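To start, the structure under review is shown below, and the notes come after it.
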Amino acid sequence: MITELGHFALVLGFGLALVQMIVPLVGAHKGWRGWMAVADPAATSQVILVAFAFGALTWAFVTSDFSLRLVFLNSHSAKPMLYKVTGVWGNHEGSMLLWLLILVLFGACASWFGGGLRPAFKARVLAVQAAISVAFYAFILFTSNPFLRLAVPPLNGQDLNPLLQDPGLAFHPPFLYLGYVGLSMSFSFAVAALIEGRVDAAWARWVRPWTLAAWLFLTVGIALGSWWAYYELGWGGFWFWDPVENASFMPWLLAAALLHSAIVVEKREALKSWTVLLAILAFGFSLLGTFIVRSGVITSVHAFANDPERGVFILIILAVFVGGALTLYAARAGAMRATGAFQTVSRESALVLNNVLLAVSAFVVFIGTIWPLVAEMAFGRTLSVGPPFFDAAFSPFFVLLALILPVGSMLAWKRGRLSRVLRPLWPIALLALALGGLAFAVQTGRSALGPIGVVLGTWVVAGAVFDLWSRTGRGTLSGRLGRLMRLGRADWGKAIAHGGMGITVFGVAAVIAWQQEDIRVATIAEPYQVGAYEVVLEGVERQQGPNYDTTMAEIVLSRGGRETVLFPEKRFYPVAQMPTTEAAIANGVLRDLYVVIGDRQSGGGWTVRVYIKPFANWIWGGAILMALGGLVSLSDRRLRIAAGAAKAASRRGVPAE
């Protein structure tokens with residue numbers, strides 16, 4: 001009965017979304033306040049209804065209700081409770097219901113916290129957001145209904161994909177969806193502004209916090225996915241330029257560009273057209289990522305579905321919303337003239353260059369991701385675009401971005417002096433070069449990637465610290481420290497996020513350049529050397545897990561009299577008939593010891609892979625700092641709400657509508 005009520009709640013929500021899409025939009029056009037006011041209760045009611053539907057589906061998974069087709073296909077009575085819950089979104093239908101829940105939640109948040117918006121503009125924003133919801137309601141109800149029953153309920157289910165039975169991947173999709181769907185709010189604000197024909201500083205102040213929240217969630221989601229791939233797949237890597245990885249990375253790059261571009265709109269009333277275009281494209285790439293994951297057109301270990309028919313539906317949603325928005329964008333081009341001017345050497349110009357580099361980087365990733373599909377459809381050729389292409393094509397743009405970051409952050413608005421900014425940065429540049437030279441001297445017979453990473457990481461991190469310190473002015477040390485503590489949270493957030501990016505850049509370069517790898521057939525109790533470590537396979541035994549069988553090895557790594565014992569596994573899930581590799585990792589600040597056990601060989605030994613990965617955890621430490629920086633900035637009242645814009649408008653005598 002709960003399942004049927006959940007389905008009914010979705011149908012009711014669909015009807016309310018249709019009302020919210022039409023009535024407030026007409027009311028805003030006609031100036032009818034009563035019609036515009038319909039958007040607020042409709043948005044709140046949708047959250048309640050979709051949350052109930054999601055709760056009903058969760059209850060079915062928790063209670064192992066195998067009469068529900070989705071539970072039968074993606075759960076099992078012996079599965080641990082954590083994965084019964086996360087199994088709700090570990091499949092196509094459930095994940096789309098989670099997507100819809102987050103979508104209507106963001107719309108409701110715009111209603112709840114949008115008191116500073118002009119009523120007509122708020123009504124248009126909520127109407128556009130409801131239109132997106134209507135499309136996904138229809139997609140779920142007509143092609144991906146999670147509440148379908150089985151005529152003859154089986155005794156047990158087919159279990160969740162074993163690769164998804166992991167804490168890291170359990171929380172990876174919700175964070176990604178929060179990021180993907182968060183960009184729908186930026187899109188709704190952009191389309192509402194185009195309908196109204198008005199893009200100004202107040203609009204930018206409202207777009208920034210929504211974009212920042214989406215970027216923050218995407219950062220966490222991407223980092224969780226990278227961490228999961230690192231320790232779960234047993235490949236020893238953290239990023240493989242997989243199509244689904246790229247699908248989340250492209251909107252992350254565009255959201256970062258949108259964040260910086262909106263600053264220029266807010267400060268200087270410039271880059272209006274470009275900022276609106278970025279808002280449209282960022283959400284468009286989120287929809288493109290959804291299409292890639294669910295259509296089956298591109299093969300990936302992360303893909304949720306292999307159903308071209310449902311992929312076509314998503315492609316139609318993408319074409320309607322992005323195509324319609326771009327058409328409206330072209331029609332309203334005259335309403336987005338820039339009123340602020342700035343010189344070539346200025347912070348505005350630095351932000352423009354920042355935007356160009358981020359946008360081109362996203363375009364490079366897009367070409368590399370989609371080109372195999374284009375080649376197969378247009379030329380009948382099967383191509384594979386892998387890490388060598390992305391490393392060669394993407395890296396130069398990101399290196400240049402890292403180089404300009406500290407300089408651009410310190411340039412003055414409107415009219416800056418490059419010599420004035422570069423003069424205090426020379427000591428930081430010399431420090432970065434010195435550390436890079438030291439790294440190059442210490443390493444032997446290796447590539448220049450490691451030293452370059454040291455230079456870039458030091459330059460970005462030290463530049464972020466100096467930028468923060470330079471905002472304290474002059475005076476005594478105690479006085480400057482006091483002013484430092486009183487700086488706005490947005491200033492602190494920017495410095496933390498930029499510093500985090502520098503740490504991640506260094507971590508990536510260090511792991512790629514300096515990691516050591518050894519793959520061999522190891523015999524029990526026979527030691528061998530990997531780098532500075534002596535490795536001994538002590539034994540291998542079979543054990544029983546809660547819903548899997550495991551072959552567990554005991555491997556001892558010793559160095560200088562200190563021993564590290566690791567227990568890598570090879571698991572087999574009988575219900576899913578699928579093996580998985582569980583790497584054993586000894587995490588450290590300066591290095592990770594990473595061990596994988598393979599198959600037993602005919603001679604009696606076992607295949608063992610050992611990796612020594614220097615500074616691996618700095619990759620995710622930097623990502624955590626980037627997300628923390630976004631959170632600190634978001635907590636700044638000036639960014640969290642746009643009350644200041646509304647008050648300023650009132651002082652100027654600008655009418656509410």
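The values are calculated or read from the model by the stated rules, or taken from the named source; none is laboratory data. Since the model is a prediction, treat every value here as computed from it, not as a measurement. Cβ atoms come from the backbone with ideal geometry, glycine included; neighbour counts cover every protein chain shown.
Looking only at segment 525-549, which residues are in contact with an Asp or Glu (Cβ under 6 Å, 6 or more places away or on another chain) and more than 15 Å from TRP606 (Cα to Cα)?
VAL530
Tell me which strands (runs of 3 or more DSSP E) are completely within segment 517-636 and hold 1 or more residues being closer than 30 Å to PHE217 by Cβ and either in contact (Cβ under 8 Å) with a residue 12 or more places away in the chain or out of contact with any Gly (no Cβ under 6 Å at 6 or more places or on another chain) (or both), or say none if there are none.
Answer list for segment 517-636: 578-582, 584-586, 591-600, 606-614.
What's the total number of residues in segment 571-602 that are at pLDDT 90 or above and either on the phi > 0 side of the Ramachandran plot or of a type in the set (Val, Ile, Thr) (or both)?
5
List pairs: first in segment 465-482 and surrounded by 16 or more Cβ atoms within 10 Å (Cβ to Cβ), second polar (S, T, N, Q) and not in a loop (DSSP other than H, G, I, E, B), Cβ under 8 Å, 6+ apart or cross-chain?
From residues that are surrounded by 16 or more Cβ atoms within 10 Å (Cβ to Cβ), the pairs are ASP467/SER409.
Taking segment 313-364, which residues are within 17 Å of ALA279 (Cα to Cα) and aromatic (Phe, Trp, Tyr)?
PHE321, TYR329, PHE363
Give the number of residues within segment 109-134 that are closer than 21 Å to PHE313 by Cα and either without any contact (Cβ under 8 Å) to a residue 12 or more places away in the chain or buried (at least 22 other Cβ atoms within 10 Å of the Cβ) (or both).
Residues meeting the conditions: 5.
Just need a number here: residues in segment 425-447 that are surrounded by 13 or more Cβ atoms within 10 Å (Cβ to Cβ) and either touching an Asp or Glu at 6+ places or on another chain (Cβ under 8 Å) or touching a residue at least 40 places away in the same chain (Cβ under 8 Å) (or both).
3
Which one of these does PHE394 not meet: (1) surrounded by 18 or more Cβ atoms within 10 Å (Cβ to Cβ); (2) of a type in the set (Phe, Trp, Tyr); (3) closer than 27 Å to VAL191 by Cα?
Looking at each condition in turn, PHE394 falls short on (3).
Kindly evaluate PHE106 against the criterion of being surrounded by fewer than 23 Cβ atoms within 10 Å (Cβ to Cβ) and closer than 20 Å to PHE14 by Cα.
When the stated conditions are applied, PHE106 does not pass them.
Looking at segment 1-118, what helices (runs of 4 or more DSSP H) fall wholly within it and have at least 1 residues that are among the hydroxyl-bearing types (Ser, Thr, Tyr) and within 30 Å of TYR548 (Cβ to Cβ)?
2-30, 39-62, 81-86, 92-112
Rundown of residues vs (1) at pLDDT 90 or above; (2) charged (D, E, K, R); (3) in contact with a Gly (Cβ under 9 Å, 6 or more places away or on another chain), yes/no style:
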| residue | (1), (2), (3) |
| --- | --- |
| VAL301 | no, no, no |
| PHE304 | no, no, yes |
| ILE314 | no, no, no |
| GLY324 | yes, no, no |
| ALA330 | yes, no, no |
| LEU358 | yes, no, no |
| PRO372 | no, no, no |
| ARG381 | no, yes, no |
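If LEU271 passes every condition in (1) at pLDDT below 80; (2) more than 27 Å from LEU176 (Cα to Cα) but one, which one does it miss?
(1)
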